[in-house]
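To start, I am sharing the structure in question, which I have written as structure tokens.
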């Protein structure tokens with residue numbers, strides 16, 4: 001939901017944080033080596049026979065998650081990927097792999113590893129779509145001894161388009177436009193000036209939101225617009241998973257914000273992924289431009305604390 | 001072994017079976033490497049070769065030339081255009097530099113769409129066997 005330009009400073013805070021650690025699901029073994037050599041068409045005799053070594057380029061294969069999913073991934077790396085997902089960068093492609101081999105791997109070697117998030121690039125536009133490059137560095141050990149390093153770069157991106165007709169477009173559909181009428185025009189005029197205006201009853205001084213022609217307390221039709229400070233807290237929220245709406249990319253959080261002035265309004269939360277929104281979380285008003293034009297008030301949550 | 005030497009080209013016929021076999025042998029179950037329908041939904045016209053297979057082919061290309069006693073020290077690759085089924089991958093290489101028994105080889109892999117992979121491989125050779 002965020003303006004993707006806004007998310008980079010937050011993405012950057014993940015640099016240097018651990019991405020994962022763990023143990024290869026299988027020790028180095030001759031059947032996996034044979035399958036690899038069959039697939040690659042590699043007839044190198046060093047990889048076969050009674051005392052084979054593993055092809056060095058298999059290094060990453062020993063630590064792949066496989067079908068049973070990630071096991072050693074840190075919460076930080078999961079958060080980084082979720083942030084990218086929530087910025088619309090839902091697709092992933094590997095772009096670079098740099099490996100250094102310190103010793104040959106042989107059947108029986110138990111593989112362990114530690115990964116760190118080395119860098120996150122600013123937003124880049126590529127042929128596939130717009131996104132961020134994420135580089136991780138993994139140190140791999142065999143029976144506890146350093147065996148190699150594996151640096152891997154992926155592009156997390158918003159697909160430019162689905163390839164075939166009939167496939168749902170990932171983006172491009174416009175959001176519903178606000179309905180502006182005589183009763184609420186003052187509110188939208190304030191938004192256009194990046195001011196969040198609320199009504200105060202001239203008769204009883206009660207604040208009200210959303211904008212209405214009369215006071216719900218005393219019935220007076222007289223009111224004055226006052227500007228909210230922009231400070232607030234999350235009073236409640238829901239996470240929308242289904243149904244999807246073309247302009248939005250679920251899951252996303254819809255929050256009820258209690259402003260410092262005491263009135264409540266429904267808005268988006270920016271700055272954190274949907275699963276980090278919490279009741280009571282302090283938030284600050286900010287304005288984002290969507291669909292290339294419409295300005296909207298949303299509320300930014302503080303960036304998570306970074307532990308190094 | 002001298003700087004400037006060319007390695008014999010290796011042509012790999014990239015069939016659908018080859019793409020899937022490489023993905024599964026490298027334990028990469030990302031759907032874009034075996035499920036054409038899922039690949040299309042993600043903006044790709046077909047399944048495509050995964051990076052681990054390309055990495056394995058680059059390693060094989062170099063050791064095919066230098067022999068089973070050669071040891072790979074480093075393999076660095078960058079992917080360019082994807083490699084879809086039905087498109088041969090042609091690997092070419094040139095020795096960029098030699099330092100004693102260690103050579104740095106520049107590798108390029110091209111297909112119909114252009115450059116699929118650009119890489120650098122560092123390989124060491126065992127000392128010559130005394131006669």
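What ranking do A:174-185, A:272-283 get when scored by the average of other Cβ atoms within 10 Å per residue, highest first? Please report the intermediate quantities before stating the final value.
Values: A:174-185: 10.7, A:272-283: 17.2.
Listed from highest to lowest mean packing, they are A:272-283, A:174-185.
Calculate for the protein assembly as shown the 222 nm mean residue ellipticity that helices alone would give, adding -39,500 (n - 2.57) per DSSP H run of length 4 or more and normalising by residue count, nearest 500 deg cm²/dmol.
My calculation for the protein assembly as shown gives -5000 deg cm²/dmol from helical runs alone.
Further question on the same structure: So how tilted is helix B:16-25 from the main axis of chain B? Cα-based, degrees 0 to 90, rounded to 10.
With both axes taken from Cα atoms, the answer is about 70 degrees.
Next question, about the same structure. For chain B, take the longest principal axis of its alpha carbons; what is the angle in degrees between that and the long axis of helix B:51-66, to the nearest 10 within 0 to 90?
Helix B:51-66 sits at roughly 30 degrees to that axis.
Let me ask something else. For residue A:15 and residue A:51, FRET efficiency with R0 = 56 Å and r from the beta-carbon atoms, rounded to 0.05?
About 0.85, to the nearest 0.05.
Using a 7 Å offset from the Cα along the Cα-to-Cβ direction at both residue B:1 and residue A:238, what is the distance between the two label points in nm, to one decimal?
Spacing of the two 7 Å Cα→Cβ label points: 6.7 nm.
Sticking with this one: How many Cβ atoms of partner chains, on average, are near each residue of B:63-73 if near means within 10 Å of its Cβ?
The shielding value for this peptide is 4.
According to the square roots a ≥ b ≥ c of the eigenvalues of the Cα gyration tensor, what is the shape class of the protein assembly as shown, taking rounded for a/c under 1.5, prolate for a/b larger than b/c otherwise, and oblate for the remainder?
The shape class here is prolate.
Contact order normalised by length for chain B, with contacts defined as Cα pairs under 8 Å and 6 or more residues apart; what percent is it?
Values: 263 pairs, mean separation 38.1, N = 131.
Relative contact order here is 29 percent.
Going by Cα centres, the range B:70-100 and the range A:173-207 are how many Å apart?
61
I'd like the distance between the alpha-carbon centres of the range A:104-144 and the range A:254-299, rounded to an integer number of Å.
The distance from the Cα centre of the range A:104-144 to that of the range A:254-299 comes to 34 Å.
Another question about this same structure. Using a basic spin-label model with each label point 7 Å from the Cα along Cα→Cβ, how many nm lie between residue A:6 and residue A:231?
2.0
Something else: Using a basic spin-label model with each label point 7 Å from the Cα along Cα→Cβ, how many nm lie between residue A:289 and residue B:16?
Each label point lies 7 Å from its Cα, and together they span 4.7 nm.
Computed from the coordinates by the stated procedures, all read-outs in this text should not be read as laboratory data. Nothing here was measured: the structure is a model prediction, and the numbers come from that model. Here Cβ is always computed from backbone atoms with ideal geometry, including for glycine, and neighbour counts include all displayed protein chains.
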